[in-house]
């Protein structure tokens with residue numbers, strides 16, 4: 001279905017429908033990747049470099065922060081035209097472009113070929129699919145049947161499922177179908193709780209979005225929730241057409257606290273949203289309370305969300321659904337089109353000339 005000639009209300013429904021399809025995206029990617037043939041020597045690489053831009057890189061960021069204490073080899077997400085100098089025949093380069101036509105990723109794929117790196121392509125088609133076929137590169141070319149919005153940034157379930165399934169298949173992480181089923185069930189639980197038809201006084205996603213309306217959200221996060229928070233920040237930028245920024249603890253404690261003083265006028269525009277967690281390491285948890293005190297003493301308002309899930313994996317998907325609905329509700333509050341990205345499109349058009 002084309003989204004060009006439908007009403008704003010219909011677009012909001014389409015976005016909500018897509019958010020509710022995230023579990024199906026995850027399930028589809030996990031199962032389809034699992035059936036692919038991948039050469040045995042792909043399991044013996046020394047490192048992984050992910051080439052992707054925007055929504056195509058978000059899944060890698062989410063997985064990278066979650067599996068940092070589980071992965072057996074280093075992973076780097078590279079959002080550039082060129083690959084790092086150390087990429088060689090012992091590197092697995094994952095070229096991820098939803099459209100298949102992202103110029104930075106296409107360029108990086110050609111560089112990976114020149115350096116004889118192992119390559120795995122992920123796309124729905126386009127030029128990347130053609131390169132994979134021509135060069136006999138293993139690829140996951142998927143049909144995004146569970147992304148009715150047709151927007152790459154709304155395909156996070158596919159992206160997360162792809163990396164989980166691929167890394168599991170290659171033996172980089174220990175993960176099984178029970179873990180995936182747990183993630184899917186967790187998403188369904190919070191999809192029910194934050195559903196747009198739930199009464200607003202009982203809907204925490206709606207309440208948080210209401211509190212953030214007319215403010216610049218400053219998202220504070222850590223450890224296993226950093227990647228998903230990055231994705232939520234991007235969704236607020238694109239879906240809600242709202243300026244939002246992201247900082248992580250402990251890094252921000254070494255500089256941002258001194259930057260809260262000036263200019264004084266920003267104190268009425270910024271509102272902090274802390275994603276705290278009882279699953280953070282003990283030293284990190286201690287920093288949250290003190291950081292909130294400093295933020296308050298400098299005249300800023302703040303909100304704290306404490307995930308209720310009982311594992312890190314469930315917390316990741318709890319924040320995933322919560323943040324997705326926050327961006328949805330903010331778009332409705334501002335009455336903006338959550339699907340069109342006119343300035344990104346303008347930029348790409350100008351760049352192509």
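The values are calculated or read from the model by the stated rules, or taken from the named source; none is laboratory data. A quick note: this is a predicted structure, and the numbers were derived from the prediction, not measured. All Cβ positions, even for glycine, are placed from backbone atoms using ideal geometry, and neighbour counts span all protein chains on display.
Would you confirm whether any residue within the range 265-276 is farther than 12 Å from residue 218 by Cβ, in a helix (DSSP H, G or I), in contact (Cβ under 8 Å) with a residue 24 or more places away in the chain and in the same structural domain as residue 205 (by TED's automatic domain parsing)? Steps first, please.
First, pick out the residues of the range 265-276 that are farther than 12 Å from residue 218 by Cβ: 265, 268, 276.
Subsequent filtering for residues that are in a helix (DSSP H, G or I) retains 265, 268.
Checking the rest, the ones that are also in contact (Cβ under 8 Å) with a residue 24 or more places away in the chain come to none.
No, the range 265-276 contains no residue that is farther than 12 Å from residue 218 by Cβ, in a helix (DSSP H, G or I), in contact (Cβ under 8 Å) with a residue 24 or more places away in the chain and in the same structural domain as residue 205 (by TED's automatic domain parsing).
Any residue in the range 241-259 that is part of a helix (DSSP H, G or I), touching a residue at least 60 places away in the same chain (Cβ under 8 Å) and farther than 19 Å from residue 317 by Cα? Talk me through it step by step, then tell me what you get.
Filtering the range 241-259 down to residues part of a helix (DSSP H, G or I) leaves 251-254, 256-259.
Applying the additional criterion that residues be touching a residue at least 60 places away in the same chain (Cβ under 8 Å) yields none.
Scanning the range 241-259 turns up no residue that is part of a helix (DSSP H, G or I), touching a residue at least 60 places away in the same chain (Cβ under 8 Å) and farther than 19 Å from residue 317 by Cα.
Which one is surrounded by the most Cβ atoms within 10 Å (Cβ to Cβ) among residues in the range 282-300 that are in contact with a helix residue (DSSP H, G or I) (Cβ under 7 Å, 6 or more places away or on another chain) and outside any helix (DSSP H, G or I)?
That would be 300.
From the residues in the range 54-85 that are surrounded by 20 or more Cβ atoms within 10 Å (Cβ to Cβ) and assigned to a loop (DSSP other than H, G, I, E, B), which one is modelled with the highest pLDDT?
The selected residue is 83.
Got a sec? Which of 13, 43, 27 is in contact with a helix residue (DSSP H, G or I) (Cβ under 7 Å, 6 or more places away or on another chain), surrounded by fewer than 22 Cβ atoms within 10 Å (Cβ to Cβ), in a helix (DSSP H, G or I) and modelled with pLDDT of 90 or more? Explain how you work it out, then say what you get.
Details: 13 fails: in contact with a helix residue (DSSP H, G or I) (Cβ under 7 Å, 6 or more places away or on another chain); 43 fails: in contact with a helix residue (DSSP H, G or I) (Cβ under 7 Å, 6 or more places away or on another chain).
Exactly one residue qualifies, and that residue is 27.
Just one of 244, 309 is under 13 Å from residue 218 (Cβ atoms) and touching a helix residue (DSSP H, G or I) at 6+ places or on another chain (Cβ under 6 Å); which is it? If you could, list the steps in order and put the result at the bottom.
Details: 309 fails: under 13 Å from residue 218 (Cβ atoms).
Among 244, 309, only 244 is under 13 Å from residue 218 (Cβ atoms) and touching a helix residue (DSSP H, G or I) at 6+ places or on another chain (Cβ under 6 Å).
Looking only at the range 261-280, which residues are surrounded by 11 or more Cβ atoms within 10 Å (Cβ to Cβ) and farther than 16 Å from residue 244 by Cα? Can you show your working first?
Of the residues in the range 261-280, the ones surrounded by 11 or more Cβ atoms within 10 Å (Cβ to Cβ) are 261, 266-280.
The answer is 261, 276, 277, 278, 279, 280.
From (1) under 30 Å from residue 44 (Cβ atoms); (2) out of contact with any helix residue (DSSP H, G or I) (no Cβ under 6 Å at 6 or more places or on another chain); (3) surrounded by 16 or more Cβ atoms within 10 Å (Cβ to Cβ); (4) outside the structural domain of residue 33 (by TED's automatic domain parsing), pick out the condition that doesn't hold for residue 180.
Result: residue 180 passes all but (2).
Within the range 326-343, can you find the residues that are closer than 15 Å to residue 156 by Cβ and over 14 Å from the mean Cα position of the chain (by Cα)? It would help to see each step written out before you state the result.
In the first step, residues of the range 326-343 are kept if they are closer than 15 Å to residue 156 by Cβ; the result is 326-328, 338.
The answer is 326, 328, 338.
Return yes or no: is residue 171 farther than 26 Å from residue 124 by Cβ and in the same structural domain as residue 299 (by TED's automatic domain parsing)? Quick ask: steps written out before the conclusion?
Working: farther than 26 Å from residue 124 by Cβ: yes; in the same structural domain as residue 299 (by TED's automatic domain parsing): no.
When the stated conditions are applied, residue 171 does not pass them.
Out of the residues in the range 315-347 meeting the condition of being in contact with a helix residue (DSSP H, G or I) (Cβ under 9 Å, 6 or more places away or on another chain) and farther than 21 Å from residue 203 by Cα, tell me which one is surrounded by the most Cβ atoms within 10 Å (Cβ to Cβ). So that I can check it myself, show each step before the final result.
Residues of the range 315-347 in contact with a helix residue (DSSP H, G or I) (Cβ under 9 Å, 6 or more places away or on another chain): 315-333, 335-341, 344.
The next check asks that each one be farther than 21 Å from residue 203 by Cα; those that pass are 336-337, 339-341, 344.
Numbers: 336: 16, 337: 15, 339: 22, 340: 15, 341: 18, 344: 12.
Among those that are in contact with a helix residue (DSSP H, G or I) (Cβ under 9 Å, 6 or more places away or on another chain) and farther than 21 Å from residue 203 by Cα, it is 339.
Find the residue count for the range 301-353, including only residues that are part of a loop (DSSP other than H, G, I, E, B) and touching a strand residue (DSSP E or B) at 6+ places or on another chain (Cβ under 9 Å).
Within the range 301-353, residues that are part of a loop (DSSP other than H, G, I, E, B) and touching a strand residue (DSSP E or B) at 6+ places or on another chain (Cβ under 9 Å) number 2.
Given 171, 161, which one is at pLDDT below 95 and buried (at least 22 other Cβ atoms within 10 Å of the Cβ)?
Values: 171 fails: buried (at least 22 other Cβ atoms within 10 Å of the Cβ).
Sole residue among the options that is at pLDDT below 95 and buried (at least 22 other Cβ atoms within 10 Å of the Cβ): 161.
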